[in-house]
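Engineer: Right, I'll just put the structure down here and ask away after.
The values are calculated or read from the model by the stated rules, or taken from the named source; none is laboratory data. All values reported here derive from a predicted model rather than from experimental measurement. Note that each Cβ is placed from the backbone with ideal geometry, even for glycine, and that neighbours are counted across all protein chains shown. SASA here: full protein model, heavy atoms, side chains in, ligands and nucleic acids out. Shrake-Rupley method; radii C 1.70, N 1.55, O 1.52, S 1.80 Å.
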Amino acid sequence: MSAGIWVEQAFNFIIFAILARILGVEAFGLLAMVAAFVLFSEFLVRETISDILLTHEALSPERLNSVFWLLALLGGMLTVALYLGAGPVSYFYNEPVARELLIGLSPTVLMISLTAVPVAILRREMRFRVLAIRAALGAAVGGVVGIGMALAGYGVWSLVGQRLAMTATNIVMAWGAVSWRPAFHASRDHMRRVLHFSHRILGLRAAELAAVQSPAVIIGAMLGPVPAGYYAIAWRVIETASFLIITPLRTVAQPAFGAAARDGGPATDLLIDVMRLTGFLAFPAFAGLAVLSEPALVLLFGQKWAPAAPVLSLMSVFGMYLCAEKVQQTFCLAAGQPGRLAVLSWVEVALAAGVIVVLAPYGLPAVTAGFVAVFLLVWPLKFANLGHIARLSGPALMRQHLAPLLLSGGMAAAVQGVVWQLGGLSPALLLLSGTVTGVLAYGLLAFLLQRDRLRLLVSMLGPLGGHLPAADTQGIER
């Protein structure tokens, strides 16, 4: 799963960098402003209602049919809503082309809704090789189409073509890998149970996407497309990095949590292990990115994107939060208890939107800092919710991330020292020197102070490391 995800993101990131150089800031800003509505709708149908198929309960044709037709209905309604709302969105932004862009992107919502059930079947059966090939092939096909259209002079429409081609490829791959086909037979009992689960998971997914897409909408409306473009590029880097780090663990952990519950085993042991690995891997990666944001942006996208460096540095802190919170969310979903988490997530969205509006006159860095601060302040409440579900202490769960956070801070200080000493180097050499320094510094600190997590990582990566030592949940509780 890791190999497939990394290949997919490598394709996506290379393609993104090429398109960023060809199209420029304004095109990406326009698409970010419009795509916020499409991505929000896609998110509601991708891993929402279909997640009920990953819980501990047994599958049946009636349940599969119920989920499929509910998703098809939801996807169709959202697609129609995007089409009808294209005019008001264009008026809201005062950008005439926004209407056509939104209409052009809207079919992806229905396409994804019709593919969610076969993808959930593949995840439940842990057929991650198929999922990995599907993702990589979709990214490659979409990239070829997008770059070809950009070179042919289609401008921002090349980004629309890329998205449509990638989604269509994913549909073909998913349906070709499963034997199940939908039928019209669905019992009322199954439909009622799916609806009971779906309204909570939809609320959670909606809040999750609103949290990361609403800033692009508000920034675009209040500050214009150029600041929105800088925010979009910074968020894309954070999104890609967090996707590479946490998605392999999250994708495998959710069906594994459900499988452990079906077998009567303690899923909390796996939760602790995944939390430990998440902090151990994600925190130093984003701490290094915070220090090396400017050379990374200049090397990847060109000098014109350098003003986004302060935003990327601040968003790197959000990247740490995002990776750790994804693990919490995965456990809550596998336990079938997303309700409280959805409420807390909407609290974050409301507070963040208010902070962005208040801080907009002070510039993009101030907006970003306020946005990140909101999520960090609400985070302890999410730990308390996780502890309630897992029957562990919330503060004790928070302490799992303390050691890697402190070690990452020490590593970042070492990298910053190198940056100050070698500030005259080219972005490539500066990035390379900083990365090598960070890896060596964190590796040494981890060897001296976090050998237990190193052993856990080795057991995960080892060719025979299928059986991990159980986490000491009694010690965690203490």
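Engineer: Using the structure shown, decide if Leu425 is surrounded by 14 or more Cβ atoms within 10 Å (Cβ to Cβ) and not in a helix (DSSP H, G or I).
Structural biologist: Numbers: surrounded by 14 or more Cβ atoms within 10 Å (Cβ to Cβ): yes; not in a helix (DSSP H, G or I): yes.
It is true that Leu425 is surrounded by 14 or more Cβ atoms within 10 Å (Cβ to Cβ) and not in a helix (DSSP H, G or I).
Engineer: Could I ask something else about it? Mind listing whichever residues of the range 166-176 are touching a helix residue (DSSP H, G or I) at 6+ places or on another chain (Cβ under 8 Å) and open to solvent by 20 Å² or more (accessible area, probe 1.4 Å)?
Structural biologist: First, pick out the residues of the range 166-176 that are touching a helix residue (DSSP H, G or I) at 6+ places or on another chain (Cβ under 8 Å): 166-171, 173-175.
Passing the criteria: Met166, Ala168, Thr169, Asn170, Ile171, Met173, Trp175.
Conditions tested, residue by residue: (1) farther than 30 Å from Gly85 by Cβ; (2) assigned to a helix (DSSP H, G or I); (3) open to solvent by 20 Å² or more (accessible area, probe 1.4 Å); (4) modelled with pLDDT under 75.
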residue: Glu8; (1), (2), (3), (4): yes, yes, yes, no
residue: Phe11; (1), (2), (3), (4): yes, yes, yes, no
residue: Ile14; (1), (2), (3), (4): yes, yes, yes, no
residue: Ala20; (1), (2), (3), (4): no, yes, no, no
residue: Ala35; (1), (2), (3), (4): no, yes, no, no
residue: Leu39; (1), (2), (3), (4): no, yes, yes, no
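Engineer: Taking the criterion of being farther than 24 Å from Pro227 by Cβ and open to solvent by 10 Å² or more (accessible area, probe 1.4 Å), would at least one residue in the range 347-358 satisfy it? Before the answer, list the steps.
Structural biologist: Let us first name the residues in the range 347-358 that are farther than 24 Å from Pro227 by Cβ, namely 347.
So of that shortlist, the ones also open to solvent by 10 Å² or more (accessible area, probe 1.4 Å) come out as 347.
There is at least one residue in the range 347-358 that is farther than 24 Å from Pro227 by Cβ and open to solvent by 10 Å² or more (accessible area, probe 1.4 Å).
Engineer: Return the only residue of Leu392, Leu430, Leu407 being among the aliphatic types (A, V, I, L, M), closer than 14 Å to Gln328 by Cα and open to solvent by less than 50 Å² (accessible area, probe 1.4 Å). Talk me through it step by step, then tell me what you get.
Structural biologist: Values: Leu430 fails: closer than 14 Å to Gln328 by Cα; Leu407 fails: closer than 14 Å to Gln328 by Cα.
Result of the check over Leu392, Leu430, Leu407: Leu392.
Engineer: Okay, moving on. Please verify whether Ile52 is assigned to a helix (DSSP H, G or I), closer than 28 Å to Leu137 by Cβ, open to solvent by 30 Å² or more (accessible area, probe 1.4 Å) and in contact with a helix residue (DSSP H, G or I) (Cβ under 9 Å, 6 or more places away or on another chain), treating the condition exactly as stated. Full working, then the answer.
Structural biologist: Details: assigned to a helix (DSSP H, G or I): yes; closer than 28 Å to Leu137 by Cβ: yes; open to solvent by 30 Å² or more (accessible area, probe 1.4 Å): no; in contact with a helix residue (DSSP H, G or I) (Cβ under 9 Å, 6 or more places away or on another chain): yes.
No: the conditions fail for Ile52.
Engineer: Further, regarding this structure: Helices (runs of 4 or more DSSP H) wholly in the range 309-420 with at least 2 residues that are more than 30 Å from Leu53 (Cβ to Cβ) and of a type in the set (Ser, Thr, Tyr) - which ones? Can you show your working first?
Structural biologist: On the way: elements: 309-334, 339-359, 364-390, 394-398.
In the range 309-420, 309-334 are the helices (runs of 4 or more DSSP H) which contain 2 or more residues that are more than 30 Å from Leu53 (Cβ to Cβ) and of a type in the set (Ser, Thr, Tyr).
Engineer: Between Ser179, Ser158, which is open to solvent by 50 Å² or more (accessible area, probe 1.4 Å), out of contact with any Pro (no Cβ under 9 Å at 6 or more places or on another chain) and among the polar types (S, T, N, Q)? Please lay out each step first, then the result.
Structural biologist: Numbers: Ser158 fails: open to solvent by 50 Å² or more (accessible area, probe 1.4 Å).
On inspection, the qualifying residue turns out to be Ser179.
Engineer: Which of (1) of a type in the set (D, E, K, R); (2) modelled with pLDDT under 80; (3) within 26 Å of the chain's Cα centre (by Cα) is the odd one out, the single condition Glu62 does not satisfy?
Structural biologist: Here Glu62 meets the rest and fails (3).
Engineer: Go through the range 88-99 and report how many residues are in contact (Cβ under 8 Å) with a residue 12 or more places away in the chain and open to solvent by 30 Å² or more (accessible area, probe 1.4 Å).
Structural biologist: 4
Engineer: Kindly provide the set of residues from the range 386-433 that are of a type in the set (S, T, N, Q) and closer than 15 Å to Leu444 by Cα, ordered by number. Don't jump to the end; show me each part of the working.
Structural biologist: First pass over the range 386-433, keeping only residues of a type in the set (S, T, N, Q): 393, 400, 408, 416, 421, 426, 433.
Across the range 386-433, the qualifying residue is only Ser408.
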